[in-house]
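See below for the structure under consideration.
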Amino acid sequence: MAFASSISHSLQGTALSRDVLCPTTKIYPSQLSIPQSSPISKKERKLLSFHIRASVTDGRESSIEKQEPSVEKVPFPKGDSWSVHKFGGTCVGSSQRIRNVAQIIVDDFSERKLVVVSAMSKVTDMMYDLIYKAQSRDDSYMAALDSVLEKHKLTAVDLLEGDDRAIFLSRLYHDINNLKAMLRAIYIAGHATESFTEFVVGHGELWSAQMLASLVRKNGVDCNWMDARDVLIVNPTGSDQVDPDYLESEKRLDNWFSQNPSKTIIATGFIASTPQNIPTTLKRDGSDFSAAIMGALVKARQVTIWTDVDGVYSADPRKVSEAVVLKTLSYQEAWEMSYFGANVLHPRTIIPVMRYDIPILIRNIFNLSAPGTMICRPPVNEFEDGQGMESFVKGFATIDNLALVNVEGTGMAGVPGTASDIFSAVKDVGANVIMISQASSEHSICFAVPEKEVDAVAKALQSKFRQALYAGRLSQVAVIPNCSILAAVGLKMASTPGVSATLFNALAKANINVRAIAQGCSEYNITVVVKREDCVRALRAVHSRFYLSRTTIAMGIVGPGLIGGTLLDQLRDQAAVLKEKFNIDLRVMGITGSRRMLLSDTGIDLSRWRELEKEIGQVADLGKFVQNVHGNHFIPNTVLVDCTSDSGIASHYYDWLRRGIHVITPNKKANSGPLDQYLRLRALQRQSYTHYFYEATVGAGLPIISTLQGLLETGDKILQIEGIFSGTLSYIFNNFIGTQSFSEVVVEAKEAGYTEPDPRDDLSGMDVARKVIILARESGLKLELSDIPIESLVPEPLRVILVCASAEEFLQQLSQFDQDMANKRQDAEDAGEVLRYVGMVDVVNQRGAVKLGRYKKDHPFAQLSGSDNIIAFTTERYKQQPLIVRGPGAGAQVTAGGIFSDILRLASYLGAPS
């Protein structure tokens, strides 16, 4: 009896000595040698001996050893008529789920069906726990076994009726009694051999397969259940794996089928036998492997793996919410993604089906409408010209909790056997090398191992190379902890120009530092090692960059006043269009003023942000605000938009950029502040992939900064920049005509909303001076704000705050000085000119100025109306006819529009279609 023989073999090597008597294979009490030190009474010894004998002699006789010459052998029909299904533990986790599985089997109209089934959900873990408790001499193992019994008994009572129920429960109680005896033996010995363990843990599959087969028969389908240990033969290897013996398994399958001919077979997953008929398993998560092996044995048309997800995702959907289900994967792509941690298949599942080009379909048992993911050999024309990069990069996977080990030294170069010695030492401690990277100079070898194994690896290498380290041939064995692997997977991607560049560009722009790189010549994956805390952000960044999801940017708005509030309203109105047409997802994660702030983990509803601020807003805290916006690792890119004119907020730009946060602002204080701080800020911005955009600092929504940068980047030489930079002062002097006094025009401008609350802020010329400094520095001049002479329009007697403390007092007294400005207007008119308040950058002479100038009536500056700005660029290219930029230079709508334009420019730099 093969089953009994296998158990007697499995008992060898424990603390109990046994002899196997053939052919009856009985173990008698007199043949049991139980150590006297074992904590057991005489009575218990006799009972234990009896139970072990019963467990061996009463086992189910293997069908392959039944000799019934009267039965004619039925040939096994291999080929496309077979479809193979595999149902995992979650699929059979309850009686209702088992009913669902049975219905799927009944509804499959394939001519022949072979179904591989796992143990009920959590049962395998419960069985391993039994072993652990028993060998730890924890008496609770008996109660734990009773829980296993109760779980299956209740399920059977709910599913089965009549004889089917009685037969199953009889077998169940028989198996439980045998397990009690075996666990008692383990309890006494304080040790469980591998054979004992694998025999015990495989029972869950036996029970689920029997229940499912009975239920399928109840639905009118003739089927048999198969104990895969009678058919599937594997050879254990030294690396906690097994290799299928296909020839022997085919013979046993033929024998099994000749005695159990059926068009529907319910087979156990996970378990198998050795060539010596000793029960074993395919190791953890081996049911997928079972299904693939069975599919290869029957030469099936297709193997369907039923699980609890819609298919294989382009990335872990728990980490990337925008991950998509892939329609197809090649065998190699699925293999790579499995190896790198994707919850796809058992890594070895692919090998058996590849031999016969049998496709694997991954489907969701809880969502039958989802088509799933087909894993197969790709068609020849899949990689025709014209395919996008997303066709070559199928998905991304990660492995966490790793450490890098770096062995380096000049003595390694050109020395044969160094790598062999390194990995021999790693093998001796039983560590698993996940990735290897070696410089072509042979100066260093870097490899990744699980973090829990790195201490043993480091000690082994230190010991192995003690002499080389002492002599200086090796400089160090360094350990870099807290690492993760990110792998991009796709056929032919490495030979496709631009894929690697796009990958690393996306990581750089997300401010991710790559610590090691590996790219095999197989061209199936590109692997990088990053800091553990950067892993999710890196995954999001590369996934987004390859158009597998939207370009998502986490935003924080500082200063929800007139300009900031207008920007939020513009974002609200445009959000849907940006998502649909441009694949850009802008999520405002925080809004803060000087007193109150509103935070969100997923994105603020901009249709009611004002109400939310009142309802759930909290006391403003800039540090907490920044952490909330930037700390969301599910969004790789962060931008803070400063809509204030506060120098205190501007002082944080350097720190934000250093932390990888992009900055967009109309605030002029940072770029016109102290020169050393400005240069430090710009140096940091140029050295990193963090962006700093400030178009709205000079011309509101006009492209002043971008025009200047474009001229410089294309090699033009700036000679002079001159313009009317203030919308307020443009309006005042455009309307300072006829008999109107200057003070009247200023009052009119204030009432129309063109001036600051205190008009002196405009009339002082300081705002224009800051714009002049920004343009001067952008042109390469190293000027301080104090270097710019400013002609103030505030009469000198009124510049002292004590003279007129309020804006109203200032306006009342301003009329006393109207005559002076009237005289200047008259002089200009007599000469056929107009007055304009301008800023000027003289790059040739390295100076700037802010002044009230006079211009001929045919000059472009004299042609303005309203609050328009105008800027003239005189360059080597545009020397005879300056390049003119003209348009509205003030107002919340155009300024917010300029900021919005910078946000979209940032999105295009981060990967959105431009």
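The values are calculated or read from the model by the stated rules, or taken from the named source; none is laboratory data. In this text, all values refer to a predicted model and were calculated from it rather than measured experimentally. Cβ: placed from backbone, ideal geometry, glycine included. Neighbour counts: every protein chain shown. Only protein heavy atoms, including side chains, enter the accessible area calculation; ligands, DNA and RNA are left aside. Shrake-Rupley method; radii C 1.70, N 1.55, O 1.52, S 1.80 Å.
Aromatic (Phe, Trp, Tyr) and crowded, with 22+ Cβ neighbours inside 10 Å: does that describe residue 582?
On the way: aromatic (Phe, Trp, Tyr): yes; crowded, with 22+ Cβ neighbours inside 10 Å: no.
When the stated conditions are applied, residue 582 does not pass them.
Report yes if residue 866 is touching a residue at least 12 places away in the same chain (Cβ under 8 Å), part of a helix (DSSP H, G or I) and in contact with a helix residue (DSSP H, G or I) (Cβ under 8 Å, 6 or more places away or on another chain), otherwise no.
In short, no.
Please go through segment 716-774 and pick out each residue that is within 19 Å of residue 789 (Cβ to Cβ) and assigned to a loop (DSSP other than H, G, I, E, B).
725, 726, 764, 765
Suppose the filter is closer than 23 Å to residue 428 by Cβ, modelled with pLDDT under 85 and not β-branched (Val, Ile, Thr); does residue 478 pass it?
Numbers: closer than 23 Å to residue 428 by Cβ: yes; modelled with pLDDT under 85: no; not β-branched (Val, Ile, Thr): yes.
Criteria not met by residue 478.
Taking into account only those residues within segment 708-721 that are touching a Gly at 6+ places or on another chain (Cβ under 9 Å) and surrounded by fewer than 22 Cβ atoms within 10 Å (Cβ to Cβ), which is nearest to residue 808 (Cα to Cα)?
Initially, segment 708-721 is screened for residues touching a Gly at 6+ places or on another chain (Cβ under 9 Å), giving 712, 716, 718, 721.
With the extra rule that they be surrounded by fewer than 22 Cβ atoms within 10 Å (Cβ to Cβ), the set shrinks to 712, 716.
Numbers: 712: 45, 716: 48 Å.
Looking at the filtered set, the residue picked out is 712.
Conditions: (1) in contact (Cβ under 8 Å) with a residue 40 or more places away in the chain; (2) more than 29 Å from residue 96 (Cα to Cα). Residue 237 meets all but one. Number of the miss?
The single condition residue 237 does not satisfy is (1).
Got a sec? Which of 115, 92, 101, 148 is open to solvent by less than 10 Å² (accessible area, probe 1.4 Å), part of a strand (DSSP E or B) and β-branched (Val, Ile, Thr)?
Numbers: 92 fails: part of a strand (DSSP E or B); 101 fails: part of a strand (DSSP E or B); 148 fails: part of a strand (DSSP E or B).
Being open to solvent by less than 10 Å² (accessible area, probe 1.4 Å), part of a strand (DSSP E or B) and β-branched (Val, Ile, Thr) holds for just one of 115, 92, 101, 148, which is 115.
With 873, 861 as the choices, which residue is open to solvent by less than 20 Å² (accessible area, probe 1.4 Å) and assigned to a helix (DSSP H, G or I)? Break it down into steps so the answer makes sense when it comes.
Working: 873 fails: assigned to a helix (DSSP H, G or I).
The conditions single out 861.
With (1) closer than 18 Å to residue 861 by Cβ; (2) open to solvent by 40 Å² or more (accessible area, probe 1.4 Å); (3) touching a residue at least 40 places away in the same chain (Cβ under 8 Å) as the list, and residue 824 as the residue in question, which single condition is left unmet?
(3)
Yes/no per residue for (1) over 22 Å from residue 895 (Cβ atoms); (2) under 23 Å from the mean Cα position of the chain (by Cα):
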{"residue": "580", "(1), (2)": "yes, yes"}
{"residue": "590", "(1), (2)": "no, yes"}
{"residue": "594", "(1), (2)": "no, no"}
{"residue": "606", "(1), (2)": "no, no"}
{"residue": "610", "(1), (2)": "no, no"}
{"residue": "617", "(1), (2)": "yes, no"}
{"residue": "635", "(1), (2)": "yes, yes"}
{"residue": "653", "(1), (2)": "no, no"}
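Residues are listed down the side, and each one gets a yes or a no for (1) part of a helix (DSSP H, G or I); (2) out of contact with any Pro (no Cβ under 8 Å at 6 or more places or on another chain); (3) open to solvent by less than 10 Å² (accessible area, probe 1.4 Å); (4) farther than 30 Å from residue 100 by Cα:
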{"position": "125", "(1), (2), (3), (4)": "yes, yes, no, no"}
{"position": "138", "(1), (2), (3), (4)": "no, yes, no, yes"}
{"position": "156", "(1), (2), (3), (4)": "yes, yes, yes, no"}
{"position": "167", "(1), (2), (3), (4)": "yes, yes, no, no"}
{"position": "172", "(1), (2), (3), (4)": "yes, yes, yes, no"}
{"position": "178", "(1), (2), (3), (4)": "yes, yes, no, yes"}
{"position": "183", "(1), (2), (3), (4)": "yes, yes, yes, yes"}
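Considering only segment 689-701, I want to know if a residue exists there that is in contact (Cβ under 8 Å) with a residue 24 or more places away in the chain, open to solvent by 50 Å² or more (accessible area, probe 1.4 Å) and in a helix (DSSP H, G or I). Don't jump to the end; show me each part of the working.
Of the residues in segment 689-701, the ones in contact (Cβ under 8 Å) with a residue 24 or more places away in the chain are 689-701.
If we keep only those that are open to solvent by 50 Å² or more (accessible area, probe 1.4 Å) too, we end up with 689.
Filter once more, so that each one left must be in a helix (DSSP H, G or I): none.
Within segment 689-701, not a single residue is in contact (Cβ under 8 Å) with a residue 24 or more places away in the chain, open to solvent by 50 Å² or more (accessible area, probe 1.4 Å) and in a helix (DSSP H, G or I).
Tell me, which residue of segment 488-502 that is free of Cβ contacts under 8 Å to residues at least 60 places away in the same chain and not hydroxyl-bearing (Ser, Thr, Tyr) is farthest from residue 377 (Cα to Cα)?
Filtering segment 488-502 for residues that are free of Cβ contacts under 8 Å to residues at least 60 places away in the same chain and not hydroxyl-bearing (Ser, Thr, Tyr), the one farthest from residue 377 (Cα to Cα) comes out as 501.
Kindly evaluate residue 656 against the criterion of being farther than 23 Å from residue 910 by Cα, touching a residue at least 24 places away in the same chain (Cβ under 8 Å), in a helix (DSSP H, G or I) and open to solvent by less than 50 Å² (accessible area, probe 1.4 Å). Explain how you work it out, then say what you get.
Details: farther than 23 Å from residue 910 by Cα: no; touching a residue at least 24 places away in the same chain (Cβ under 8 Å): yes; in a helix (DSSP H, G or I): yes; open to solvent by less than 50 Å² (accessible area, probe 1.4 Å): yes.
Against the criterion (farther than 23 Å from residue 910 by Cα, touching a residue at least 24 places away in the same chain (Cβ under 8 Å), in a helix (DSSP H, G or I) and open to solvent by less than 50 Å² (accessible area, probe 1.4 Å)), residue 656 does not qualify.
Please state which one of 644, 638 is in contact (Cβ under 8 Å) with a residue 60 or more places away in the chain, assigned to a loop (DSSP other than H, G, I, E, B) and under 27 Å from residue 700 (Cβ atoms).
644
All but one of (1) part of a loop (DSSP other than H, G, I, E, B); (2) over 22 Å from the mean Cα position of the chain (by Cα); (3) crowded, with 19+ Cβ neighbours inside 10 Å hold for residue 378; which doesn't?
Of (1) part of a loop (DSSP other than H, G, I, E, B); (2) over 22 Å from the mean Cα position of the chain (by Cα); (3) crowded, with 19+ Cβ neighbours inside 10 Å, only one is false for residue 378: (3).
Can you find a residue that is surrounded by 23 or more Cβ atoms within 10 Å (Cβ to Cβ), outside any helix (DSSP H, G or I) and modelled with pLDDT under 95 anywhere in segment 622-635? Break it down into steps so the answer makes sense when it comes.
Our first condition is that a residue be surrounded by 23 or more Cβ atoms within 10 Å (Cβ to Cβ); within segment 622-635, this holds for 629, 635.
If we keep only those that are outside any helix (DSSP H, G or I) as well, we get 635.
Narrowing further to those that are modelled with pLDDT under 95: 635.
Yes: segment 622-635 contains one or more residues that are surrounded by 23 or more Cβ atoms within 10 Å (Cβ to Cβ), outside any helix (DSSP H, G or I) and modelled with pLDDT under 95.
Tally time: how many residues in segment 392-412 are assigned to a strand (DSSP E or B), open to solvent by 10 Å² or more (accessible area, probe 1.4 Å) and among the β-branched types (Val, Ile, Thr)? Can you show your working first?
Restricting attention to segment 392-412, the residues satisfying the condition of being assigned to a strand (DSSP E or B) are 395-408.
Now narrow it down to the ones that are open to solvent by 10 Å² or more (accessible area, probe 1.4 Å): 398-401, 406, 408.
Next cut, among the β-branched types (Val, Ile, Thr) only: 398-399.
So the count comes out to 2.
So which of 789, 757, 797 is exposed (fewer than 15 other Cβ atoms within 10 Å of the Cβ) and closer than 22 Å to residue 666 by Cα?
Working: 789 fails: closer than 22 Å to residue 666 by Cα; 797 fails: closer than 22 Å to residue 666 by Cα.
Unique residue meeting the criteria: 757.
Quick check on my filter: what residues within segment 829-852 are within 24 Å of residue 784 (Cβ to Cβ), assigned to a strand (DSSP E or B) and open to solvent by 10 Å² or more (accessible area, probe 1.4 Å)? Spell out the reasoning first.
So the first thing to find is which residues in segment 829-852 are within 24 Å of residue 784 (Cβ to Cβ), and the list is 837-852.
So of that shortlist, the ones also assigned to a strand (DSSP E or B) come out as 837-842, 847-852.
Listed by number, the residues that qualify are 840, 842, 847, 849, 851, 852.
The rows are residues; the columns are (1) farther than 30 Å from residue 892 by Cα; (2) in contact (Cβ under 8 Å) with a residue 24 or more places away in the chain; (3) among the small types (Gly, Ala, Ser).
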position	(1), (2), (3)
531	yes, yes, no
541	yes, yes, yes
557	no, yes, no
564	no, yes, yes
573	no, no, no
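Which of (1) surrounded by 19 or more Cβ atoms within 10 Å (Cβ to Cβ); (2) in a helix (DSSP H, G or I) does residue 666 not meet, given it meets every other one?
Condition (2) is where residue 666 drops out.
Yes or no: residue 356 within 21 Å of residue 550 (Cα to Cα), open to solvent by 20 Å² or more (accessible area, probe 1.4 Å) and modelled with pLDDT of 90 or more? Spell out how you get there, then give the answer.
On the way: within 21 Å of residue 550 (Cα to Cα): no; open to solvent by 20 Å² or more (accessible area, probe 1.4 Å): yes; modelled with pLDDT of 90 or more: yes.
The answer is no for residue 356.
Conditions (1) open to solvent by 50 Å² or more (accessible area, probe 1.4 Å); (2) closer than 19 Å to residue 399 by Cβ; (3) among the aliphatic types (A, V, I, L, M), marked per residue:
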position	(1), (2), (3)
426	no, yes, yes
433	no, yes, yes
475	yes, no, no
490	no, yes, no
508	no, no, yes
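Give the residues of segment 712-736 that are without any contact (Cβ under 8 Å) to a residue 60 or more places away in the chain and either closer than 13 Å to residue 889 by Cα or under 49 Å from the mean Cα position of the chain (by Cα) (or both), sorted by residue number.
Residues satisfying the conditions are 713, 714, 715.
May I ask you to list the residues in segment 760-786 that are touching a helix residue (DSSP H, G or I) at 6+ places or on another chain (Cβ under 8 Å), open to solvent by 60 Å² or more (accessible area, probe 1.4 Å) and without any contact (Cβ under 8 Å) to a residue 60 or more places away in the chain?
Result: 761, single match.
Can you confirm whether residue 147 is among the polar types (S, T, N, Q), at pLDDT 95 or above and in contact with a Gly (Cβ under 9 Å, 6 or more places away or on another chain)? Reasoning before the result, please.
On the way: among the polar types (S, T, N, Q): yes; at pLDDT 95 or above: yes; in contact with a Gly (Cβ under 9 Å, 6 or more places away or on another chain): no.
In short, no.
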